[in-house]
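Just so it is clear, none of the values below were taken in a lab; they were calculated from the coordinates. None of the values given here were measured: they were computed from a predicted structure. Backbone-built Cβ (ideal geometry, glycine too); neighbour counts: all protein chains shown.
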Amino acid sequence: MKKAFEADTGRVLNIVINSLYSEKEIFLRELISNSSDALDKRRFLSLTSKHDKIGTDELKIEISTDKKNHTLTINDNGIGMDQEDLEQALGTIAKSGTTEFLAELEKTTKKDKKSKEVNLIGQFGVGFYSAFMVSEKVEVTSKKVGGTKANKWISDGVSGYEIGKADKSEPGTEIVLHIKKSEKEYLDKERIGFITRKYSDHLMYAVNYLDDGKDPEILNKASAIWTREKKDISSEQYEEFYKQIGAGFNKPLLTLHNKVEGTLSYTNLLFIPDSRPFDLFQMDVKSKIKLYSNRVLISDDSEDILPRWLRFVKGVVDTSDVDLNVSREMLQHNSALNKISKALKKRVLNELKKMKDKDTEKYNAFWKEFGIVMKEGIYEDFDLKNEILEISKFHSMKQNNDVFLAEYAEGMNPEQKEIFYIASENKEMAEGSPHLEVFKKKKLDVLFFTDPIDTFWLSMAGEFQGKKFTSITKGDIDLSAFSDEKKKKEKKDNIVIDGLVKKIKDILGENVQDVKTSSKLVDSPCCLVAPDSGMDVQMERIMKIQNKDFKGMPRILEINPDHDIIKKLNDIKDKEDDALKDAAYLLFDQAKMVEGELPLDISLFNKRLSKFMGLALK
């Protein structure tokens, strides 16, 4: 009996076959999944029905090939289908036998706990039609459990389908794919075995390959470590799986194995490696977690489960709340997966907090390897920025060690309201900065922000526990509350060198935004400060690296009125114009070099320096 596909099924089928899947091999996953689904249904009936007593051990999936006739056959002894089922499930795109089966179960077995044992892993709908990517014709012969007749469905995936009676003694479904000549690779046992292991290694049921004259060969392991209870899994077994998924070569630093049930149901088995992978800092590297739907692989590198700032986390997530979607694009907008992602981010952070509180040495090892990546989350994940800040560490000038922000806050001066920091290219450069001098004198701690990401996340998290982050290289900082010096003396000093300040500003012109006396310098004659409205020195440096044409804003030159050089320059400001000009530029270039920058003009810098050295040696 010849029938046409319903409505726009033909058009949709064309999209499924030619555009929906990025990899043709996915067809085998879909068909094996459908067989496993059918076995799950029959297994449930065998536990609840008086008429079907087949045991779990007898349920099976079998694959065989005939290279001469170009056919691939997938056979199962699951629940099977009658003529109506075949028409509804295969004659209409996205018609779900699984969904209807569950709906019927809910009517009669809402209070039956055994219904929880049913694990349905796919829908006999769109996924089935992926078979036509590699087949010129598909035949489905099926007999339903409890039925007396078998039926055969035949289609080329274009003109419609035929359905009629068939011979089949045992319940179940047999699918015969007439493989296209261009896709003959799917007739090779090795290729079939590889695909089966890749996508169906963790199904409940064994997938057997039948070869004439030989014993059946099991292609998959038929075991999923994450579905077992934690108490039944040894550390060695965890480590073996950790290596199997390519997470690392040694032992995992942290293992997260959890099962969540409720409005959202999923199991996760995640690992944090003990050392960073070689590609951790490559721009195109993202988080890649294997995603399963009831032990059927949906994606082996899903980027939608964990964010990029947790890209070092490896493992699997298995959920019954995400169907076997037809494309990666659909996964990105899946509400259940988004909820799982939020839950897993918090779980990882909570486990890291526990490690931080209970095992300092272990946490320090983690932070050394992955701290720089974790801090990307402060910038990228607004909702979790505070949680990430709580477990972030930064180098303390005072303690000469990495500390948590809470530890820094505990050691703050009682009058201190801000968290002082200096952003620099590295620890050594930060330690040599003249900006630190007054903080050392007043015994105020300063944190060193030496990772490039630090200057970016500050724009998203301007404070921690009510205390503002303040750069000591930017703007005016009032430290008078920590000083015993009298304001009169400061005012007097300022008046004395006002003339010098004006002359230096005139000499440097547009190279500086302003010239001021400094209240921060102790041992150094000068330093450069970014204006309040400008970029931090380190941010400006990063911008210049990224864009060679980036100029940045002129900065403020601060001079130390108590330094001998400044005092002597003040004495000659009205006598030696040439010497003052050379000295002004030398001071400016010196301040630039301390910040890791080159002098304004290297040739002129060398001439001026040589000139002053000659005068000093006379």
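Worth pointing out:
- For segment 271-280, the Karplus equation 6.51 cos²θ - 1.76 cosθ + 1.60, evaluated at θ = phi - 60°, returns couplings of 10, 9, x, 8, 8, 6, x, 5, 9, 4 Hz by residue, with Gly and Pro reported as x.
- Positive-end extreme of charge dipole, the chain - chosen from Val373, Phe439, Gly509 (charges on Cβ): Phe439
- Residue-span extension gain [Thr148 to Ile245] - 0.36 nm each, minus C-alpha spacing: 30.3 nm
- FRET E, pair Gln282, Asp167, Förster distance 56 Å, beta-carbon r, rounded to 0.05: 0.45
- Between Leu598 and Lys189, the C-beta separation translates, for a Förster distance of 56 Å, into a calculated FRET efficiency of about 0.25.
- DSSP assigns beta bridges within segment 496-596; of those with both partners inside it, close to 45 percent run antiparallel.
- Highest average packing first - 316-323, 216-223, Cβ atoms within 10 Å: 316-323, 216-223
- Couplings 3J(HN,Hα) of segment 362-376, computed from phi: 5, 5, 4, 5, 5, 5, 4, 7, 10, x, 4, 6, 4, 5, 4 Hz, in residue order, whole Hz [Karplus 6.51 cos²θ - 1.76 cosθ + 1.60, θ = phi - 60°; x for Gly and Pro].
- Rounded if a/c under 1.5, otherwise prolate or oblate - segment 318-448, Cα gyration tensor axes: prolate
- Considering only Ser49, Leu280, Ile472, the residue lying farthest towards the positive end of the dipole of the chain is Ile472, judged by Cα position with unit charges set on Cβ.
- Take 578-586, 245-253 and order them by the average number of nearby Cβ atoms within 10 Å per residue, most first; the result is 578-586, 245-253.
- Dipole magnitude (debye, nearest 20) for the chain, charges at Cβ of Lys, Arg, Asp, Glu: 680 debye
- The relative contact order of the chain, computed from alpha carbon pairs under 8 Å that lie at least 6 residues apart in sequence, is 9 percent.
- Estimated FRET transfer efficiency when R0 is 35 angstrom, pair Lys353-Lys442 (beta carbons, to 0.05): 0.55
- Mean Cβ count within 10 Å, highest first, over the residues of peptides 512-524, 403-415: 512-524, 403-415
- Inter-site label distance for Asn400 and Ala481 at 7 Å from Cα along Cβ, in nm: 2.9 nm
- Expected-Rg normalisation [2.2 N^0.38 Å, Cα atoms] applied to segment 144-222: 1.36
- Virtual spin-label span in nm between Asp564 and Asp532, 7 Å along Cα→Cβ: 3.7 nm
- Remark: spin-label model distance Lys548-Asn426 equals 2.4 nm, labels positioned 7 Å along the Cα→Cβ axis.
- When only alpha carbons are used to place a centre, segment 254-286 and segment 562-593 end up 58 Å from one another.
- Gain in span if fully extended, Glu510 to Phe456, counting 0.36 nm per residue against the direct Cα distance: 16.6 nm
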